[in-house]
Amino acid sequence: MNEDNQSRRIDVLAIGLFGLAVGALTLGVAQLGWIQHKNMVGALVIALIFGGIVQLLAGITDIRYNEQLGGTALTMYGFLWVTICTVKLVSTSSTFQFDAVLYAPINLVYAVFSGVMIFLTAYRNLTLSALHVVITLTFLATTFARLDFISELLPGWGHIIVGLMAFYHAVGSLTQAFTGKSILPLGPPLLFHTHKHVHSIAKVV
């Protein structure tokens, strides 16, 4: 039963990371100016569906499998993408023009959240923890960009790297789940849980 739940967790995580990869790459390309302005609504829809809805569905499924860490991360990032993309779509398709500073608080909060995820995902594998390092730095860069301290280039490249790393992990975890081989190595866990019975034995000794 535990092996079945583990297999399901890996599959669901791969789905969420595929969605993140498409959303982040689309956003990064847009921030770097490689998408024409007339196509921005289409880019936002792509980011909304893959970065938002796909991650939300994967996160909800992960929660149903009692995977608190993956479920929390995927749903919270999914809600972020849905919120940001919806606000931008409203701003693009109507007379409402929101100031960039509106996005600074939510980006700062998610930078802290991603920082915590660096530590928590270190119990999973190196690649997932490194992905959250890049996500955290990208959120910080996005916050500075929203405050007009820097341009969109740095956050754009950050999202490109996030997308590529998410795609790598998704393919790696998916192939490992179905073949049992590390075709794309994800690296070992950086941290390990200390089991309670180990403490008990140590106290007896």
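General observations
- For the range 60-71, the set of residues classified as over 11 Å from the mean Cα position of the chain (by Cα) and either assigned to a helix (DSSP H, G or I) or on the phi < 0 side of the Ramachandran plot (or both) consists of I60, T61, D62, I63, R64, Y65, E67, Q68, L69, G71, listed by residue number.
- Here V54, V112, V101, V87 are screened, and the one residue that is in contact with a Phe, Trp or Tyr (Cβ under 9 Å, 6 or more places away or on another chain), at pLDDT below 95 and either part of a helix (DSSP H, G or I) or closer than 17 Å to A14 by Cα (or both) is V87.
- Neighbours by Cβ (under 7 Å, 6+ apart or cross-chain): first from the range 134-147, polar (S, T, N, Q); second part of a helix (DSSP H, G or I) and surrounded by fewer than 22 Cβ atoms within 10 Å (Cβ to Cβ): T136/A111; T136/G115; T136/I118; T142/N107; T143/A104; T143/N107; T143/L108; T143/A111
Matching residues to (1) in contact with a helix residue (DSSP H, G or I) (Cβ under 7 Å, 6 or more places away or on another chain); (2) farther than 21 Å from V54 by Cβ:
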{"residue": "T92", "(1), (2)": "yes, yes"}
{"residue": "A104", "(1), (2)": "yes, yes"}
{"residue": "L108", "(1), (2)": "yes, yes"}
{"residue": "L120", "(1), (2)": "yes, yes"}
{"residue": "E152", "(1), (2)": "yes, yes"}
{"residue": "G158", "(1), (2)": "yes, no"}
{"residue": "I161", "(1), (2)": "yes, no"}
{"residue": "V171", "(1), (2)": "no, no"}
{"residue": "F178", "(1), (2)": "no, no"}
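- Residue check for S173: among the small types (G, A, S), assigned to a loop (DSSP other than H, G, I, E, B) and under 15 Å from A14 (Cα atoms): no
- Checking each residue in the range 67-89 for being farther than 22 Å from G42 by Cβ, touching a residue at least 40 places away in the same chain (Cβ under 8 Å) and surrounded by fewer than 22 Cβ atoms within 10 Å (Cβ to Cβ) picks out E67, L69.
The values are calculated or read from the model by the stated rules, or taken from the named source; none is laboratory data. Source: prediction; values computed, not measured. Backbone-built Cβ (ideal geometry, glycine too); neighbour counts: all protein chains shown.
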